[in-house]
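Structure first, then comments.
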Amino acid sequence: MGNTIEGLSEIIEQPVAGEPITKKNTERGKMSIAAKLNGRYDAVRDMAPITYAASSMQGWRATMEDEHVLASSLTIQTKRKDIVLQDHAVFGVFDGHGGDYTSKYLGDNYMRVLLARKEWVKYVALKDVSRSEVTGVELMKSALVGAFLDLDGELQITQEKRIEKYKSEAARMGIDVSKGMKHSYVFPIADGTNGQKLYLDRSGSTANVVLLTPTHMICSNAGDSRSLVCRDGKALPLSFDHKPYNAPENLRVVNAGGYVKAKRIDGDLAVSRGLGDFRYKMNPDLTVETQKVNASPEIIVCPRKYGKDEFMVIGCDGIWDVVENDKCVELVQKILNTGETDMGAICEKMLDACLEKESKDNMTICIVALHQCRCKI
């Protein structure tokens, strides 16, 4: 991702000169329960089931730093028993920059951290109707915000441990890091014939996650990954980008002692919210929410409209760099209109379309076909 200028990551795979890496990683799935309405499971035979897919492409970038999460049901652990919410799902994308450590950590640990939140125990104890009302929605909003902050806290601990290891290895080799540390050093192993490169991770990641319940779409967003729902043929945004030049974000950056130059924080970072990026979160006198980079997500709650909601799209900014919301909906519907029923193939065709539109970033897109999706699935 192009959100940092200064960030450095190990080059694992370099595109051939003049050619992007177009190999795709695609996952597909299906929710086992169609809908839970009016406190009971409805047959809703005239509705298609909810199917989904996600696909990723490295593209023109030297490394792949996108990750995603797909969970078609949620298992909540209580003291008495595990409760499986088959009519709830989570879909999210994590767009890394300055390395893949942060985004990979989020992809590997997001669901563990989210479902460990105490709000879930209170939520599953509610009756179905209460889950869909203010009480339930507020619990879910709290769980989503808490998960972002918990993950950022875990990442900071791992970052501190990596720095200590870095300093210890540097001291053992007689390398002076008192005046600053490079991104990496090569440390010889015991036999002195080879070297081990130890990286000082300075990565960060955006995060955009949608919790789908029987009655709501609840989006938690930090950064410039984006979600939308196609409702009655039109794009309805579920999130808005966090850019340093947006007035509220700019004010926070400046109040935290930073500046915005060339639309980037301190001339480097192009997003004003996200996880990781701890060099922008080092002021001990500020709260998490008032640092230059804010890990706390913005939450948008959108009630579902059965009969009108067709599909959701969740994507990293490699998608949105070349298509606006309305154009994205238009492209997806155009593919659907050809008779394509494989959601994975639809995701892959969207990546190809964005590549043709000259997206230069990693690209990840997740499409969730809701009950009124205008195709036979």
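The values are calculated or read from the model by the stated rules, or taken from the named source; none is laboratory data. Note that the coordinates shown come from a computational prediction; the quantities given were computed from them, not determined experimentally. Positions of Cβ are backbone-derived with ideal geometry, glycine not excepted, and every protein chain shown enters the neighbour counts.
Here are the numbers:
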{"quantity": "Pairs, first within 30 Å of residue 212 (Cβ to Cβ) in segment 238-265, second crowded, with 20+ Cβ neighbours inside 10 Å and of a type in the set (Asp, Glu), C-beta under 7 Å, six or more apart", "calculated": "241/224; 242/224; 242/249; 243/224; 243/249"}
{"quantity": "Any pair with Cβ under 7 angstrom, 6 or more apart, that starts in segment 105-129 at a residue that is in contact (Cβ under 8 Å) with a residue 40 or more places away in the chain and ends at one that is acidic (Asp, Glu) and assigned to a helix (DSSP H, G or I)", "calculated": "113/150"}
{"quantity": "Candidate set from segment 268-317 (those that are closer than 27 Å to residue 216 by Cβ and of a type in the set (Lys, Arg)); member that is modelled with the highest pLDDT", "calculated": "273"}
{"quantity": "Extreme residue, nearest to residue 305 (Cα to Cα), among residues of segment 227-267 that are basic (Lys, Arg) and touching a helix residue (DSSP H, G or I) at 6+ places or on another chain (Cβ under 9 Å)", "calculated": "234"}
{"quantity": "Hits in segment 305-328 - residues which are surrounded by 24 or more Cβ atoms within 10 Å (Cβ to Cβ) and either without any contact (Cβ under 8 Å) to a residue 60 or more places away in the chain or assigned to a helix (DSSP H, G or I) (or both)", "calculated": "317, 318, 319, 328"}
{"quantity": "Residue within segment 263-270 that is within 18 Å of the chain's Cα centre (by Cα) and surrounded by 15 or more Cβ atoms within 10 Å (Cβ to Cβ) present", "calculated": "yes"}
{"quantity": "Elements of type strands (runs of 3 or more DSSP E) contained in segment 44-113, each with 1 or more residues being of a type in the set (Phe, Trp, Tyr) and within 18 Å of the chain's Cα centre (by Cα)", "calculated": "51-59, 89-97"}
{"quantity": "Boolean, residue 240 is within 17 Å of the chain's Cα centre (by Cα) and of a type in the set (Phe, Trp, Tyr)", "calculated": "yes"}
{"quantity": "Any hit, segment 284-297, residues being closer than 30 Å to residue 86 by Cα and crowded, with 24+ Cβ neighbours inside 10 Å", "calculated": "yes"}
{"quantity": "Residue 364 being modelled with pLDDT under 95, among the polar types (S, T, N, Q) and either surrounded by fewer than 20 Cβ atoms within 10 Å (Cβ to Cβ) or not in a helix (DSSP H, G or I) (or both)", "calculated": "no"}
{"quantity": "Pair list, Cβ < 6 Å and 6+ apart or interchain, from segment 220-235 residues that are without any contact (Cβ under 8 Å) to a residue 60 or more places away in the chain to residues that are buried (at least 24 other Cβ atoms within 10 Å of the Cβ) and aromatic (Phe, Trp, Tyr)", "calculated": "none"}
{"quantity": "Single residue of 336, 351 found to be of a type outside the set (Lys, Arg), touching a residue at least 60 places away in the same chain (Cβ under 8 Å), more than 30 Å from residue 254 (Cβ to Cβ) and buried (at least 17 other Cβ atoms within 10 Å of the Cβ)", "calculated": "351"}
{"quantity": "Long-range neighbours under 9 Å by Cβ, at least six apart or interchain, first residue closer than 17 Å to residue 62 by Cβ and modelled with pLDDT of 90 or more within segment 77-102, second of a type in the set (D, E, K, R) and in a strand (DSSP E or B)", "calculated": "95/66; 95/67; 96/66; 96/67; 100/66; 100/67"}
{"quantity": "Scan of segment 75-98 for residues that are crowded, with 21+ Cβ neighbours inside 10 Å and either touching a His at 6+ places or on another chain (Cβ under 6 Å) or acidic (Asp, Glu) (or both), ordered by number", "calculated": "87, 93, 95"}
